[in-house]
Amino acid sequence: MATKNTSAENSERAEKKQFWNNDMEAIIGIMVVLLILGTINVFSSSFILGETKFDNPYYFLQRHLINVAVSLIAFGICFKYDYRIWRRFMPYILLISFISLILVLITGDTVNGAKRWLSLGSVNVQPAEFCKLVSIMIMAAYLSWQIKNDKEIKIFTPQMGIIVALFALTELEPDMGTASIIAGIPIIMMIVAGLERKKILYMLAGVLALAAGLIAYQPYRLNRLLVAYDPWSDAQNYGYQTVQSLSAIGSGELTGMGLGVGVSKYDYLPEAHTDFAFAIFCQENGFLGAIFVFMLFAAFAVYAARIARIARDEYGQILALGIMILIVGQAIGNLFMVGGMFPVVGIPLPFISYGGTSLIMTMAAVGMLVNIGRMGKK
């Protein structure tokens with residue numbers, strides 16, 4: 001009898017030691033911490049640019065806080081409503097996606113030689129960001145149907161045709177980084193879902209051939225690729241951004257220079273508050289800060305995988321897997337890019353990089369992920 005009581009007490013103590021009661025709370029907790037870190041970093045990495053360009057050091061922070069508010073609304077909506085309900089609206093979602101991508105090519109704002117944004121008054125929207133989540137939802141619906149009905153997973157399907165069309169319109173902007181995510185994550189989902197090995201080889205061969213063609217079509221992409229692993233060979237041109245990023249990361253050492261003290265944002269590092277925000281974060285928070293962010297994304301992957309496991313149906317399982325790959329995969333890609341282990345392709349770091357559309361899309365995806373967990377618990 002005493003042994004049973006001791007076991008019960010130990011179990012209660014173990015439960016009390018947990019930071020959260022379930023996987024959904026863990027995901028929300030990680031999201032909140034990353035949001036706080038991102039908000040601090042957005043201000044720290046952008047106040048110099050805000051002062052010099054807009055005479056307002058809080059310019060980017062103010063806009064970021066508005067983006068956070070909208071993102072929380074998107075999270076709340078996707079958190080509240082059953083994730084399966086969005087399948088009913090997929091035809092309308094796809095119509096809006098295609099119209100917005102076409103409008104970008106016709107009337108979009110051109111920045112650094114690329115048309116990626118639609119101006120809606122004082123707000124700029126990047127439609128291709130939302131297409132990342134749309135492509136995952138399309139593939140999740142297809143794969144779940146095939147698996148549920150014990151059917152073969154095929155490559156050439158109407159669903160893949162839609163995803164390729166989204167990819168092509170995004171690539172025309174041009175935005176190879178976002179386009180690669182739109183098409184790449186569904187491909188990974190197909191492989192994980194059980195695509196035959198022979199088909200995997202065919203698909204990978206096609207992907208490599210397409211990538212080679214797209215890189216050759218835009219010479220600057222080839223130059224970026226050539227200097228990716230030796231940026232100092234062209235440190236004043238194509239390797240400049242990577243060299244400055246590595247310099248910022250290295251100067252942070254173990255504990256960093258301190259919040260707001262990093263010097264690389266003083267017009268040394270391009271895109272210091274967007275795609276290369278993590279370099280400023282490392283400079284000001286050091287190796288320990290970087291490790292903390294790594295651990296947060298690793299924990300996110302673990303808890304997202306656990307949510308996928310408890311999902312109530314095949315669609316929820318595959319959708320949760322796709323969302324996990326979307327967020328953690330982008331984080332890995334950005335960290336590799338900022339760390340000089342990957343060519344500069346313009347992949348934001350979720351929650352940390354400045355960018356309203358990206359943040360809204362990410363928060364909506366997390367809301368869906370948490371909803372999948374909630375529905376799985378019922």
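The values are calculated or read from the model by the stated rules, or taken from the named source; none is laboratory data. The model shown is predicted, which means the values in this text are computed figures rather than measured ones. For neighbour counting, all protein chains shown are included, and Cβ atoms are generated from backbone atoms with ideal geometry for every residue, glycine included. We work out accessible area using only protein heavy atoms, side chains counted, and drop any ligands, DNA or RNA first. Shrake-Rupley method; radii C 1.70, N 1.55, O 1.52, S 1.80 Å.
Name the residues in the range 240-263 that are open to solvent by less than 10 Å² (accessible area, probe 1.4 Å) and free of Cβ contacts under 8 Å to residues at least 40 places away in the same chain, would you?
Within the range 240-263, Ala248, Gly252 meet the criteria.
Assess whether Phe54 counts as being without any contact (Cβ under 8 Å) to a residue 24 or more places away in the chain, open to solvent by 40 Å² or more (accessible area, probe 1.4 Å) and out of contact with any helix residue (DSSP H, G or I) (no Cβ under 9 Å at 6 or more places or on another chain).
Here the answer is no, as Phe54 does not meet what is asked.
Among (1) in contact (Cβ under 8 Å) with a residue 24 or more places away in the chain; (2) farther than 22 Å from Ser44 by Cα; (3) not charged (D, E, K, R), which single condition is Phe281 missing?
(2)
Would the range 371-378 turn up any residue that is closer than 17 Å to Ala140 by Cα, among the basic types (Lys, Arg) and touching a residue at least 12 places away in the same chain (Cβ under 8 Å)?
Looking through the range 371-378, none of the residues is closer than 17 Å to Ala140 by Cα, among the basic types (Lys, Arg) and touching a residue at least 12 places away in the same chain (Cβ under 8 Å).
How about the range 87-121: which of its residues are in a strand (DSSP E or B) and either closer than 30 Å to Gly376 by Cβ or open to solvent by less than 50 Å² (accessible area, probe 1.4 Å) (or both)? Walk me through it before giving the result.
Step one: filter the range 87-121 for residues in a strand (DSSP E or B), giving 109-111, 114-120.
Residues satisfying the conditions are Ala114, Leu118.
Tell me which residues, restricted to the range 106-115, are free of Cβ contacts under 8 Å to residues at least 60 places away in the same chain and touching a Ser or Thr at 6+ places or on another chain (Cβ under 9 Å).
Hits for the range 106-115 are Thr107, Asp109, Lys115.
Open to solvent by 30 Å² or more (accessible area, probe 1.4 Å) and within 29 Å of Glu171 (Cβ to Cβ), is that true of Arg84?
When the stated conditions are applied, Arg84 does not pass them.
Does Leu321 fit the bill of being open to solvent by 10 Å² or more (accessible area, probe 1.4 Å) and in contact with a helix residue (DSSP H, G or I) (Cβ under 6 Å, 6 or more places away or on another chain)?
Answer is yes for this residue.
Return the residues of the range 15-48 that are open to solvent by 60 Å² or more (accessible area, probe 1.4 Å) and over 17 Å from Ile352 (Cα atoms); say none if nothing qualifies.
If the condition is that a residue be open to solvent by 60 Å² or more (accessible area, probe 1.4 Å) and over 17 Å from Ile352 (Cα atoms), then Glu15, Lys16, Lys17, Gln18, Phe19, Trp20, Asn21, Glu25 are the ones that fit.
Within the range 350-364, does at least one residue satisfy the condition of being open to solvent by less than 30 Å² (accessible area, probe 1.4 Å), at pLDDT 95 or above, under 19 Å from Asp175 (Cβ atoms) and not in a helix (DSSP H, G or I)?
Yes.
Quick one: what pairs do we get from the range 306-317, first residue among the acidic types (Asp, Glu), second open to solvent by less than 20 Å² (accessible area, probe 1.4 Å), C-beta under 8 Å, 6+ apart or different chains?
Close Cβ pairs (under 8 Å, with a partner that is open to solvent by less than 20 Å² (accessible area, probe 1.4 Å)) amount to Asp313/Ser144; Glu314/Leu143; Glu314/Ser144.
Restricting attention to the range 123-153, report how many residues are of a type in the set (S, T, N, Q) and more than 26 Å from Asn67 (Cβ to Cβ).
3
Are any of the residues in the range 301-310 within 23 Å of Val192 (Cβ to Cβ), surrounded by fewer than 24 Cβ atoms within 10 Å (Cβ to Cβ) and under 14 Å from the mean Cα position of the chain (by Cα)?
The answer is yes, given that some residue of the range 301-310 is within 23 Å of Val192 (Cβ to Cβ), surrounded by fewer than 24 Cβ atoms within 10 Å (Cβ to Cβ) and under 14 Å from the mean Cα position of the chain (by Cα).
Give just the number: which of (1) at pLDDT below 95; (2) not in a strand (DSSP E or B) does Asn124 not satisfy?
Result: Asn124 fails condition (2) only.
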